[in-house]
Ligand code: GA4
């Protein structure tokens, strides 16, 4: 079965359309309907009044900014990124590249302490600052943020279950709350794109004189992704009719993406959101933080009982993750698990 990479991106147009924005101070029965509608139409929505404390976000952003400002050799001591650590330009292991550097961290308590050990084991990479060890301050900021964003993820997933009339409201969120959850966390730092030398650009690719591919087109393999960025533009989502829509950056909002696993569990009723980052800002870096809510490796992903024919075979998250890592970033990996 084909897992062909997407149509070359340059053939798709961009346009400005209304992105669904959901106010979490609304009543839950209204919220659940709006969330289901957005997940069906876009596989994507924005959240305002999310309840994640601003000071947690600001602390983490500051720590991340300090980290990425360090010399390359120092940052590399927290790498390589496979499976978890610091990476630059390379995405995955099959030659996908982007104009970014990043930190990829596992989020369950066991793995966080492992990451902490590996970073603290290299004291040269984290000099004591104001009497504190930066590794500890940084990892505490990551931990606090993850706990709060995990709660938001679970709240959204409970509302999804309510909106889909699933009898067990925690059918999705219990996978994320599981102590063995394979959820992960990523900090992406996209340096500014160089100023164009002139407007004429013969290059037929997305890397033009004034824009750079920060992160190529893909969907996220997990259940749900929660992204927060600073005020620098770059994120675009692909609509059902294959148009690229720029997502205006807003540091006070979260972006929520349906992942492949939720597409499979909803038997294709929700479609995982294809997205990319194109860097056009020539002055300021884009910084984003993503929480990827995933099941435990041995958890089964099966379509919920539905009226439609079953579109996807059951698979464990571990099997799916292995398939994802054996393919390219932009491949349609769920095609491997179609029933026909
Ligand atoms: C996309 C979502 C997350 O950033 C990620 C990425 C992972 C990686 O960067 O190592 C993958 C990519 C992501 C999908 C397919 C595989 C795996 C790179 C790649 C080519 C951490 C994830 O879980 O899947």
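The values are calculated or read from the model by the stated rules, or taken from the named source; none is laboratory data. Note that this is a predicted model, so its numbers are computed, not measured. In this analysis, Cβ positions are derived from the backbone assuming ideal geometry, glycine residues included, and neighbour counts consider all displayed protein chains.
Listing for the model above:
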quantity	calculated
Enumeration of residues in the range 276-300 that are in a loop (DSSP other than H, G, I, E, B), within 30 Å of residue 67 (Cβ to Cβ) and more than 10 Å from the ligand (Cβ to nearest atom)	280, 281, 282, 283, 284, 285, 295, 297
The one condition in (1) in a helix (DSSP H, G or I); (2) surrounded by fewer than 18 Cβ atoms within 10 Å (Cβ to Cβ) that residue 340 fails to fulfil	(1)
Scan of the range 265-288 for residues that are over 24 Å from residue 320 (Cβ atoms) and touching a helix residue (DSSP H, G or I) at 6+ places or on another chain (Cβ under 7 Å), ordered by number	287
Meets criteria (more than 15 Å from the ligand (Cβ to nearest atom) and either within 23 Å of residue 37 (Cβ to Cβ) or touching a residue at least 40 places away in the same chain (Cβ under 8 Å) (or both)) for residue 303	yes
Unmet requirement for residue 52, which otherwise passes all of (1) within 12 Å of the ligand (Cβ to nearest atom); (2) in a loop (DSSP other than H, G, I, E, B); (3) at pLDDT 95 or above	(1)
Pair list, Cβ under 8 Å, 6 or more apart: the range 200-222 residue within 16 Å of residue 188 (Cβ to Cβ) and within 16 Å of the ligand (Cβ to nearest atom), other residue assigned to a loop (DSSP other than H, G, I, E, B) and modelled with pLDDT under 95	213/206; 213/207; 217/6
Odd one out for residue 329 among (1) in a loop (DSSP other than H, G, I, E, B); (2) under 30 Å from residue 231 (Cβ atoms); (3) more than 15 Å from the ligand (Cβ to nearest atom)	(3)
Per-region count, the range 78-94, residues in a loop (DSSP other than H, G, I, E, B), touching a residue at least 40 places away in the same chain (Cβ under 8 Å) and either within 16 Å of the chain's Cα centre (by Cα) or farther than 17 Å from residue 327 by Cα (or both)	2
Residue under evaluation residue 91, criteria (1) over 29 Å from residue 159 (Cα atoms); (2) more than 12 Å from the ligand (Cβ to nearest atom); (3) in contact with a strand residue (DSSP E or B) (Cβ under 8 Å, 6 or more places away or on another chain), criterion not met	(2)
Output for the range 307-326, where each listed residue is away from the ligand (no atom under 16 Å from the Cβ) and without any contact (Cβ under 8 Å) to a residue 40 or more places away in the chain	307, 309, 313, 314
Residue count for the range 221-243, restricted to those that are farther than 30 Å from residue 158 by Cβ, in contact with a strand residue (DSSP E or B) (Cβ under 7 Å, 6 or more places away or on another chain) and either crowded, with 21+ Cβ neighbours inside 10 Å or at pLDDT 95 or above (or both)	3
Tally of residues being touching a helix residue (DSSP H, G or I) at 6+ places or on another chain (Cβ under 6 Å) and either surrounded by fewer than 23 Cβ atoms within 10 Å (Cβ to Cβ) or part of a helix (DSSP H, G or I) (or both) across the range 165-175	3
Number of positions in the range 69-82 that are more than 12 Å from residue 186 (Cα to Cα) and within 16 Å of the ligand (Cβ to nearest atom)	4
